[in-house]
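A short worksheet on the structure shown next.
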Amino acid sequence: MIPIARPQMGDEEKERVWDAMASGSLAQGPRVREFEEAFAAYIGVEHAVATSSGTTALHLALLGHGIGPGDEVITVSFTFIASANSILYTGARPVLVDISERDYCIDPDLIEAAITPRTRAIMPVSLYGQPADMEAIAEIADRHGLAVVEDACQAHGAAIGDRRSGSWGAGTFSFYPTKNMTTGEGGMLTTDDGELAGRVRLLREHGMQVRYHHDIVGYNFRMTDIGASIGLAQLPKLERNNERRRAIAARYDADLRGVITPSPRPGVTHVYHQYTIRVNQRDAFADALRERGVGTGIYYPIPVHRQKPFEALGYGDVSLPVTDALTREVLSIPVHPTLSDDEVAAVVAAVNETANELGPIETTVAGA
Ligand SMILES: *Cc1c(COP(=O)(O)O)cnc(C)c1O
């Protein structure tokens, strides 16, 4: 079976983790600092604050902006649950907007209609490794005095022109093992806003700058030096790995038939956290690929507004036609950098045979 993800751990990771263990610095220490500096430089921002996960980075980004009960944050339903949950954690209300069929990210044309006097922030999700339309979103946010928190948890190294995801407003990253780089568990907030970074640092560590002097009520959302050691070994390999992902994607773009392949917006660097196609009879398609030895993933089988806690909050009736249609059609196929050329050829053959069997996709987006 060709798996949908295959995390890579090499000798650099082992050596760095061993050094951290031998040093006795296990929790947040000098390696976390070093990783923050290296990651900030890579993204092209002034500040990076390491956290225990992508979820806690999102949560802290919102708290750092002072977002809380009575506030609204605009985001999407077509995402991992953490985007919307992080808004709920603060007591604010997620306002779910539909996505664009072009990039599967928030549709900028729908944002202004969702803005109310309570809106405090826009949280676009740069899904599958493609930056959301950050320029249009930042312009709308500026015009309405809103914060931008980019959920870049799938977009390490993605860019629009030469500007990387994570450099508009605040960006948040996840280092979960299946992401384009990992620390085991871990996350990062990136920003040029020094005051925001300072508040997030305080919130991350129980509101403590001077040991056992707590200025505010904070959390323990720290990364460990063990995790940072893995991250320091992974970061220098990210560009090469992303290039390999892009080369595999180009091969799929050229050779797949009978399915809808991604079409990145012009000028965008897509880093293919997932290579997601749209297929006819999705569940049967996934079963047929498994029988042909190809693992797949569905991201995500249930959109946020149809998850139980959100239905209980009254989101069940929100009308998100593109989200609902794509939820039925999307299927991600292996695109990770450890795939051999033979494996890539096997994936192409399996997808094309299956599409031939089940028939080509006709989109189910209403009105499309
Ligand atoms: C992975 C992911 C997160 C959460 O990251 P964790 O590190 O698992 O907490 C948030 N949003 C998106 C879009 C993700 O893919």
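Tabulated values for the structure
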{"read-out": "Subset of the stretch 271-305 that is assigned to a helix (DSSP H, G or I), more than 19 Å from T261 (Cβ to Cβ) and in contact (Cβ under 8 Å) with a residue 60 or more places away in the chain - its residue that is most open to solvent (accessible area, probe 1.4 Å)", "value": "R290"}
{"read-out": "Condition met for A346 (open to solvent by less than 30 Å² (accessible area, probe 1.4 Å) and over 18 Å from A82 (Cα atoms))", "value": "no"}
{"read-out": "Residue within the stretch 40-49 that is open to solvent by less than 10 Å² (accessible area, probe 1.4 Å), at pLDDT 95 or above and over 17 Å from P236 (Cα atoms) present", "value": "yes"}
{"read-out": "In the stretch 56-69, the residues that are open to solvent by 40 Å² or more (accessible area, probe 1.4 Å) and in contact with a strand residue (DSSP E or B) (Cβ under 7 Å, 6 or more places away or on another chain)", "value": "H65"}
{"read-out": "All positions within the stretch 115-140 that are on the phi > 0 side of the Ramachandran plot and out of contact with any Gly (no Cβ under 9 Å at 6 or more places or on another chain)", "value": "Y128"}
{"read-out": "Checking R120 against (1) touching a His at 6+ places or on another chain (Cβ under 8 Å); (2) within 16 Å of the ligand (Cβ to nearest atom), the condition it does not meet", "value": "(2)"}
{"read-out": "Count - residues of the stretch 20-33 that are assigned to a helix (DSSP H, G or I), open to solvent by less than 90 Å² (accessible area, probe 1.4 Å) and not hydrophobic (A, V, I, L, M, F, W, C)", "value": "3"}
{"read-out": "Selected residue (criterion: farthest from the ligand (Cβ to nearest atom)) from residues of the stretch 157-176 that are closer than 28 Å to I226 by Cβ and open to solvent by 50 Å² or more (accessible area, probe 1.4 Å)", "value": "R164"}
{"read-out": "Qualifying residue in the stretch 350-357 (condition: open to solvent by 50 Å² or more (accessible area, probe 1.4 Å), of a type in the set (S, T, Y) and farther than 27 Å from C153 by Cα)", "value": "no"}
{"read-out": "Answer residue from the stretch 183-202, given it is within 16 Å of the ligand (Cβ to nearest atom) and buried (at least 21 other Cβ atoms within 10 Å of the Cβ) and is farthest from G157 (Cα to Cα) among those", "value": "V200"}
{"read-out": "Matching residues, the stretch 206-258, being in contact (Cβ under 8 Å) with a residue 12 or more places away in the chain, hydrophobic (A, V, I, L, M, F, W, C), open to solvent by 20 Å² or more (accessible area, probe 1.4 Å) and assigned to a loop (DSSP other than H, G, I, E, B)", "value": "I216, F221"}
{"read-out": "Search result, residues across the stretch 136-156 that are within 14 Å of L62 (Cα to Cα) and more than 16 Å from the ligand (Cβ to nearest atom)", "value": "L146, A147"}
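Residues checked against (1) within 23 Å of the chain's Cα centre (by Cα); (2) within 18 Å of V200 (Cβ to Cβ):
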site	(1), (2)
R16	no, no
A57	yes, yes
Y89	yes, yes
R93	yes, no
D98	yes, no
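The values are calculated or read from the model by the stated rules, or taken from the named source; none is laboratory data. All figures in this text were calculated on a predicted structure; none of them were measured in a lab. We place every Cβ from the backbone using ideal geometry, glycine too, and count neighbours over all the protein chains shown. Heads up: the accessible areas ignore ligands, DNA and RNA and are worked out on the full protein's heavy atoms, side chains in. Shrake-Rupley method; radii C 1.70, N 1.55, O 1.52, S 1.80 Å.
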